[in-house]
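Everything on this sheet refers to the single structure shown next.
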Amino acid sequence: MEELSFAVPFWVWVAVSAAIAVMLAIDLFMHRDNHVIEFREAAIWSGIWIAVGLAFGLVLWAWQGGEVAGTYYAGYLLEKALSVDNIFVFALIFTFFAVPAGYQHKVLFWGVVGALVARFVFIFLGAELLNTFFWTAYLLGGFLVWTAWKMLVSKDEEVHPERNPVVRIVRRIIPTDPRYHGARFFVRLNGRRTATLLFVALIAVEASDLVFAVDSVGAVLAITTHTFLVWTANAFAILGLRSLYFCLAGLLRRFEYLHYGLAVVLAFAGVKLILSETPVGKLPIPLTLGVIVVTLGVSIVWSLMATRGRGFTGGDGDGPGGASVEAIGSDGERLRTADGSGDPEGPAGLSAPGPRTPPG
């Protein structure tokens, strides 16, 4: 597999990783209270994160030239687009567990941290396998094509967060209380440390992102196996995931045909990876970037034109995918609080069917 070849000094790895850690710390500090993140605030922060990601591409351009920067931008754009699929599922999880809007950003912050760790591991493992065993390109390429096909045919598939095997294992191992206790993940009840419903929601988010990490990392590896480019493209795209969620969660119904675009891009990435181990060889980066931009652009414009009258889901003051102050149970009743002060107990029936999967 023909690949970009340029050395990245160890201090550059350390500096970039430290910068990412600092940006995460800033994000946590700016949102340390449990206020509801409104659209305007989320849009500003999302714009900041996108600007940071694009600026890093310019740094690469000045350092290593246009091909390296173009490869980074292709991976960044692909990961950014695939993160919309994450947002669909996050909204479902928050709705199912009735996570109050003021607590959602805490769950998403630690979800982003977990996503970065998972992607770091998958990137180095996947790149090593692709560079060592040529046949893994056929396996991963086939997996991406299969994922694309599944995305097209499983549009109306239901999601049941409470049936997630990771969630079920955690609830068996760790004592859990089916209520919210403020923004805390753990409380002490009857003398023992107990996980709250917010922690269960976090586990559901982490478990779903673990699945997403496999195909998103695989798709970027289809563009390049240079670990530094794959890692930075994933990291800078994921950094803005939390803000992007609060921007788009209320507009998810308007992205009705985005899953078609994502499926085409995933299939293209799979075919590209397979072709890299044939006489055809590696497809040029400008072609790859063009396919991603045009395909996603067409699917987004198509969606927005077809759903012009829909607008936002939910009302003012309600956080996307959750309740504004109190949680709403599966029967539609307002739930009482764990301490009488307004923190919801959470859905009484965690075994109830989850909401239907939106397009994507």
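Coupling constants for segment 217-223 follow from the phi torsions by the Karplus curve (6.51 cos²θ - 1.76 cosθ + 1.60, θ = phi - 60°), and in residue order they are 5, x, 5, 6, 5, 5, 7 Hz; glycine and proline get x.
Given R0 = 22 Å, the distance between the Cβ atoms of Trp135 and Ser5 translates into a calculated FRET efficiency of 0.50. The trypsin sites (Lys or Arg not before Pro) found in segment 54-143 include none that occupy coil by DSSP while having at most 14 further C-beta atoms within 10 Å.
Count Lys and Arg as plus one, Asp and Glu as minus one, and take only other residues whose Cβ is under 15 Å from that of Leu77; the net charge is then 0. Once the convex hull of all Cα atoms in segment 132-286 is built, its volume per residue stands at 172 Å³. Counting neighbouring Cβ atoms within 10 Å and putting the fewest first, the residues Ile203, Ile285 line up as Ile285, Ile203.
Computed over neighbours whose Cβ is under 11 Å from that of Phe186, the net charge equals +3, Lys and Arg +1, Asp and Glu -1. Since only Trp146, Val217, Ile169 are under comparison, the one whose Cα sits farthest along the positive direction of the charge dipole of segment 23-306, derived from C-beta charges on Lys, Arg, Asp and Glu, is Ile169.
Here, each number is a calculation from the coordinates, and none is a lab measurement. Because the structure is a prediction, the values reported are computed rather than measured. No Cβ is skipped: glycine too gets one built from the backbone with ideal geometry, and neighbour counts run over all protein chains shown.
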